[in-house]
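Notes follow once the structure below has been shown.
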């Protein structure tokens with residue numbers, strides 16, 4: 001398990017394009033090369049008795065599938081939510097399209 005609460009990660013091109021598609025940036029060139037992400041310990045911390053995840057859009061479909069159907073892994077931090085007993089996941093049809 002990852003020992004950090006949060007870490008800096010390099011954004012993949014697909015993620016950068018999603019930021020543009022979501023309207024956060026007007027071009028891929030404006031999207032930062034790195035971002036801060038929560039690691040597994042943060043997702044399971046005692047401060048979150050309930051975890052609600054709202055996941056819209058087809059761009060997240062692959063991550064949703066990996067989180068729900070793949071192994072618990074640091075390569076997919078959200079996968080640990082399968083072990084949190086009070087997690088509710090809200091998906092739109094696009095985000096659920098690969099399930």
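The values are calculated or read from the model by the stated rules, or taken from the named source; none is laboratory data. If you're wondering where the values come from, they're calculated on a predicted model, not measured in any experiment. Quick reminder, even Gly has a Cβ in these numbers, built from the backbone with ideal geometry, and neighbours come from all protein chains shown.
Mind listing whichever residues of region 69-84 are in a helix (DSSP H, G or I) and closer than 23 Å to residue 8 by Cα?
Step one: filter region 69-84 for residues in a helix (DSSP H, G or I), giving 69, 77-83.
The answer is 77, 78, 79, 80, 81.
Please count how many residues of region 44-68 are more than 19 Å from residue 14 (Cα to Cα) and in contact with a helix residue (DSSP H, G or I) (Cβ under 9 Å, 6 or more places away or on another chain). Don't jump to the end; show me each part of the working.
First pass over region 44-68, keeping only residues more than 19 Å from residue 14 (Cα to Cα): 44-54, 68.
With the extra rule that they be in contact with a helix residue (DSSP H, G or I) (Cβ under 9 Å, 6 or more places away or on another chain), the set shrinks to 44, 48, 51, 53, 68.
Total meeting the criteria: 5.
Select from region 85-99 the residues that are under 16 Å from residue 40 (Cβ atoms) and either in contact with a helix residue (DSSP H, G or I) (Cβ under 7 Å, 6 or more places away or on another chain) or assigned to a helix (DSSP H, G or I) (or both) and list them in ascending order. So that I can check it myself, show each step before the final result.
We begin by selecting, within region 85-99, every residue under 16 Å from residue 40 (Cβ atoms); these are 85, 87.
Once the filter is applied, which keeps residues that are under 16 Å from residue 40 (Cβ atoms) and either in contact with a helix residue (DSSP H, G or I) (Cβ under 7 Å, 6 or more places away or on another chain) or assigned to a helix (DSSP H, G or I) (or both), region 85-99 yields only 87.
Test residue 41 against the criterion of being in contact (Cβ under 8 Å) with a residue 12 or more places away in the chain and either farther than 23 Å from residue 99 by Cβ or in contact with a strand residue (DSSP E or B) (Cβ under 7 Å, 6 or more places away or on another chain) (or both), and give yes or no. Before you say what the answer is, go through the steps one by one.
Details: in contact (Cβ under 8 Å) with a residue 12 or more places away in the chain: yes; either farther than 23 Å from residue 99 by Cβ or in contact with a strand residue (DSSP E or B) (Cβ under 7 Å, 6 or more places away or on another chain) (or both): yes.
Yes.
What single numbered condition from (1) assigned to a helix (DSSP H, G or I); (2) at pLDDT below 85 fails to hold for residue 49?
(1)
Is it the case that region 80-87 has a residue that's surrounded by 18 or more Cβ atoms within 10 Å (Cβ to Cβ) and touching a strand residue (DSSP E or B) at 6+ places or on another chain (Cβ under 6 Å)? Full working, then the answer.
Initial filter on region 80-87 (surrounded by 18 or more Cβ atoms within 10 Å (Cβ to Cβ)): 80-81.
Cutting the leftovers down to touching a strand residue (DSSP E or B) at 6+ places or on another chain (Cβ under 6 Å) gives us 81.
Yes: one or more hits.
Collect the residues in region 21-36 that are over 17 Å from the mean Cα position of the chain (by Cα) and not in a loop (DSSP other than H, G, I, E, B), keeping them in residue-number order.
28, 29, 30
Any residue in region 59-75 that is within 14 Å of the chain's Cα centre (by Cα) and in contact (Cβ under 8 Å) with a residue 60 or more places away in the chain?
Within region 59-75, one or more residues are within 14 Å of the chain's Cα centre (by Cα) and in contact (Cβ under 8 Å) with a residue 60 or more places away in the chain.
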